[in-house]
1. Antiparallel DSSP bridges in the chain: what percent, to the nearest 5?
2. Whole number in Å², please: accessible area per residue of the chain, 1.4 Å probe, ligands, DNA and RNA not counted.
3. Could you tally the net charge around residue 225, taking each other residue with its Cβ under 9 Å from the Cβ of residue 225, Lys/Arg +1 and Asp/Glu -1?
4. What label, among [x] 24.0; [y] 22.6; [z] 25.6, belongs to Kirkwood radius over Cα pairs in Å computed from the structure on display?
5. Calculate, in nm to one decimal, what residue 337 and residue 163 gain on full extension: separation in residues at 0.36 nm each, minus their alpha carbon distance.
6. Each label point is 7 Å from the Cα along the Cα-to-Cβ direction; what then is the distance between the points at residue 377 and residue 416, in nm?
7. Multiply the residue gap between residue 401 and residue 277 by 0.36 nm, knock off their C-alpha separation, and tell me the result in nm, one decimal place.
8. Whenever you get a sec, compute what percent of the accessible area on the range 353-395 sits on carbon and sulfur atoms (1.4 Å probe).
Amino acid sequence: MMNQRKKTLAAVLALTTVLAGCAGSNVAEEPAEETPAAESPAAEAPAAEAPAAEEPKKETVEPFTVSLRHIQIGEAQKFRKAILDDVVAATEAEIPGLKIELDGVEDQVNRFTKLPAEMAAGNPPKIFDLFGGTGDALKYAKAGRLLDLTPILAELGIADKFLNLSQFTLDGKVYGLPIGGNTEGFYYNQAMFEHYGIAPPKTWEELEAAAETLKNNGVTPFAMGSKGAWVPLMLVNTMIGRYAGPDSINGFLSGAAKWNSPEVVAAFAKYKEWVDKGYFTKGELGLEYADMLNQFVTGKAGMMFDGSWRSSVFKDPAQAFDLTGKVGYFNMPAVPNGVGDQSFVNGNYGNGYGFSADLDENELKAVKAFIKNLYNDDMQLRGLLEDGVLPSMKLSDDALAKVEDPIVKEVMNLMKNAGGAFSHFDSVVQSDVYKESEAQIQKLIAGQASPQDVGEAMQAVQDTANAGQQ
């Protein structure tokens, strides 16, 4: 009888153990009780099989849409658009029920027309292209329209990965993320320079001598398309950084620098001098940004002042044609009697993505996934290799060593050896000031305002804007 009772207890304990280990079972484990052998089914038959584990219930998620405004439109932006498409696909796959609705809008239309109206009405897209600085991100952050990304960056472990978030930071909180960095300088036609015996200019005198040589041979020295005023303002911004010094750009907002100072007016005067000498594309006020590139790649102009983001064009035969792989790059040389360290470059981490402060739980999940999928080492390196976009995040030396594009290498080398960087003034000054700069540069080009007139008009608007912030 004792042996029989031992067998019974062993069977009961075995059955209890099996039931307790079943996945998804709600049966609580209870202490086993002794059962007389005659009453125990386990004593008469093998232990019953445990019930099959229940299938975990799949969470039902209602489909939802997140709007995403981007500016990656046109042939020149195709590499960036491909990266965005891959990030969108990865994010949709990660978040159940998510559909991201893309809205491609031209850069200036988004920045100065659509987004300001949407911000004023309180209905911006959930994810949108955003510029940093006083006139854009910081203004919208003050109005409570932008999502505070500070806790999200900490959660994702990337808070210390960015090179410069200053243009998106207000009172210690981050309200936007730059997708990359950029600088601006001169692209030049290497074959044309060689044909006319022109060396890449290292001094201001050599730069203007190169322009004269090209002009005397029937070639426009500098391709330009000024219908969009921001295009000539790229060149003007760097001239101001040279003539008035690197500190002048931030000085406009603080009042330490004046638009009507002799140094800043000298920058406007030099631009006007080049206009009068015929150094720019004839009819530039009627030409778009894309027309400027076309002038350069078709050999009608020998040089072009543009951003480092343009570098990818010159390795793509579909865009660069016969100029593929035959373009060089150099920084604006020091100007005679220029103020401050003339080795500084213009450098910016001012364009990227912002996110609406008005998000529900699902939309917030989508935003976190989007940030994780876009802002990582792989995507930053891909942007650098495929599109020449300088990384906004810290990359390892091994990653940077993968760069083979000679223009990108030159850009990175120049930035590495620069004394520092100054921003584009459009990311520093107030919106009204920047809008005035667009109007004034076109008046200068058209001969409707003198360099001094431009400086006086700019300073008047700057004074009003600064007073309004006090």
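1. Values: 24 of 39 bridges.
Of those bridges, close to 60 percent are antiparallel.
2. Numbers: 21890 Å² over 470 residues.
In whole numbers, the chain has 47 Å² accessible per residue.
3. Working: positive: 227; negative: 284, 288, 291.
Here the charged neighbours net out to -2.
4. Recomputing Kirkwood radius over Cα pairs in Å here picks out [z].
5. Details: separation 174, 0.36 × 174 = 62.64 nm, distance 3.20 nm.
This chain segment gains 59.4 nm when fully extended.
6. 1.9 nm
7. Taking residue 401 through residue 277 to full extension adds about 40.4 nm, to one decimal.
8. 47 percent
The values are calculated or read from the model by the stated rules, or taken from the named source; none is laboratory data. Keep in mind the model is a prediction, meaning the values are calculated, not measured. FYI the Cβ positions are ideal-geometry reconstructions off the backbone, even for glycines, and counts take in every protein chain you see. Areas reflect the complete protein model, heavy atoms only, side chains present, ligands, DNA and RNA absent. Shrake-Rupley method; radii C 1.70, N 1.55, O 1.52, S 1.80 Å.
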